[in-house]
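Visitor: The structure that follows is given in the form of structure tokens.
Nothing in this text is a laboratory measurement; each read-out follows from the coordinates by a stated rule. Given the structure is predicted, the values throughout are model-derived calculations rather than measurements. Using ideal geometry, Cβ is built from the backbone for each residue, glycine included, and neighbour counts are taken over all protein chains shown.
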């Protein structure tokens, strides 16, 4: 399902994955274990988010 919302808090409660669009393009993808309200808002403003690589 595709859900859109201007409020990140609601999305963080119900989504397993969040994709951020900026200027019509997907710029970031966050899995539930990576959710950070600050990072999502930064991505919504066009900033690049640098995350640590985790071993699988």
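Visitor: Which order results if 27, 4 are arranged by neighbouring Cβ count within 10 Å, fewest first? Each step should come with its number before you reach the end.
Guide: Values: 27 16, 4 6.
In order of increasing Cβ crowding within 10 Å: 4, 27.
Visitor: If you don't mind, there's one more thing I want to ask. Could you work out the relative contact order of the chain? I mean the mean sequence separation of Cα pairs under 8 Å and 6+ apart, divided by the number of residues, in percent.
Guide: 28
Visitor: Additional query: Could you put 35, 30 in order, starting from the residue whose Cβ has the fewest other Cβ atoms within 10 Å?
Guide: Ascending number of Cβ neighbours within 10 Å: 35, 30.
Visitor: Can you sort 34, 28 from fewest to most other Cβ atoms within 10 Å of each residue's own Cβ?
Guide: 34, 28
Visitor: Which of (1) 25; (2) 34; (3) 19 is the computed percent of Cα pairs over 20 Å apart for the structure on display?
Guide: Only one listed value fits the structure, namely (3).
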